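Data block below; observations after.
The values are calculated or read from the model by the stated rules, or taken from the named source; none is laboratory data. Nothing here was measured: the structure is a model prediction, and the numbers come from that model. Backbone-built Cβ (ideal geometry, glycine too); neighbour counts: all protein chains shown.
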Amino acid sequence: MTRVLFVDDEPAMLEGLRRSLYRAQKKWEMRFVTSAALAVAALQEAAYDVLVSDLRMTRADGAELLGIARDKSPQTVRIVLSGYSEERQIARLVPLAHQYLAKPCAPERLQAAIERCVELQAMLHDPRVRSLVGRVRSLPTIPRAYAELGQVMAREDATAGEVAAAAMRDSAIAAKILHVANSSFFRLARPVRRVEQAVVHLGFNAIRNLALSAEVFSRWPGKSLEGFEPDRMQAHVQAVAAGAYVLAAGQPWADDAMLAGLLHDIGYWVLLQEAPQEMAEVQHMARTEGLSLPAAECRAFGASHAELGAYLLGLWGLPFPIIGAIAHHHAPEQPGAVEFDPLAALTISHALIDQQLVAVHSAWSDGSMAVDAGYLARVGAPFDWAEAQRRIHEIGSLEQGND
């Protein structure tokens, strides 16, 4: 049975959670405490699968509790449920919380988020995924610039100048930020010529995401196979990321959707670097037996590039919405299509980009599900199928205009 610990210094809020989640008592063992100190004691007494905590409490900073839970109980999924939505404060949570949910949060949404996090945690420990990871000689560590930016952004008094200075320590990353800031990703009103300007216009999270993408692409520049050429793959993921970003316009998680797009094929970067011969055999299997690439990967490795990529990002401590989007972008119905989120934005963008712009695997199916108006309705997308196509088509037109 899943064990969930809820923390909030408002007893009325805890009682409301207790009442709204009473149906979950059949599958969850729940405990409700009114302070960070009581939560720490509870974590020391027993193992919990999930911690759901408020961020702003009178006697302790919720971020401090999350940090303690991360260090003392790393297997526990950490979810923030808070009415505090200031971007800089949320940025502090990225190394600490797996997911952020804003108050007020519908009970069914909270329940779905908890269940999906638990399922994703289980997937990251799946023997098939561990077997695939075991075939890789060495998994790359979290990119340095991304980690340094995270440390700077974790400070409440961090300035745009300090974030820009951290990004500019690597000239390639600074160039990448300026390139993308002036591309169709963001369609800013005027050209951005300095990284600090980009930080002000785009926000801290977008800058850190772009830095991570730049480091990932620079780290595996070498080995490639037909259909997996680095330039072609980079064009594909950038188009998918731009599509996910414009589809998520106005959503508080738009930056997460962009990063999920930029990193959705990161598993291939590892496989092509560490197992190029086996990947060539996977290609041959997919072509001769009419399999999708993910299906052929699962037959050869026991898991696909999507699970490998999710596992790697889990090791790096990225938020669960991004990890889940990457893990399931070929099978988005698997975790349950309950809302329009980074997974949905990535799935829709991936399908339409392959149709209209930069398909990497043009010679065979990549295993993406059929995305249509029905899927948009099931996830409650704030646009119809024609509007989704229009937005993706506009990206292609803008990119061609930038060439």
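Residue count for region 5-18 under the criterion of being of a type in the set (A, V, I, L, M, F, W, C), assigned to a helix (DSSP H, G or I) and closer than 26 Å to Ala122 by Cα: the result is 1. No other residue among Gln238, Gln197 is modelled with pLDDT of 90 or more, in a helix (DSSP H, G or I) and of a type outside the set (A, V, I, L, M, F, W, C) apart from Gln197. Among the numbered conditions (1) assigned to a helix (DSSP H, G or I); (2) touching a residue at least 60 places away in the same chain (Cβ under 8 Å); (3) in contact with an Asp or Glu (Cβ under 8 Å, 6 or more places away or on another chain), the only one that Ala164 does not meet is (2).
Of the conditions (1) more than 17 Å from the chain's Cα centre (by Cα); (2) buried (at least 21 other Cβ atoms within 10 Å of the Cβ), His328 satisfies every one except a single condition; which number is it? So the condition that His328 fails would be (1). Within the option set Met233, Met258, being buried (at least 19 other Cβ atoms within 10 Å of the Cβ), more than 12 Å from Phe186 (Cα to Cα) and of a type outside the set (Phe, Trp, Tyr) holds for one residue only, Met233. Mind checking which residues of region 19-78 are in a helix (DSSP H, G or I) and of a type in the set (D, E, K, R)? Across region 19-78, the qualifying residues are Arg19, Arg23, Lys26, Glu45, Glu64, Arg70, Asp71, Lys72.
Within the option set Ala181, Ala164, Ala145, being at negative phi and at pLDDT 85 or above holds for one residue only, Ala164.
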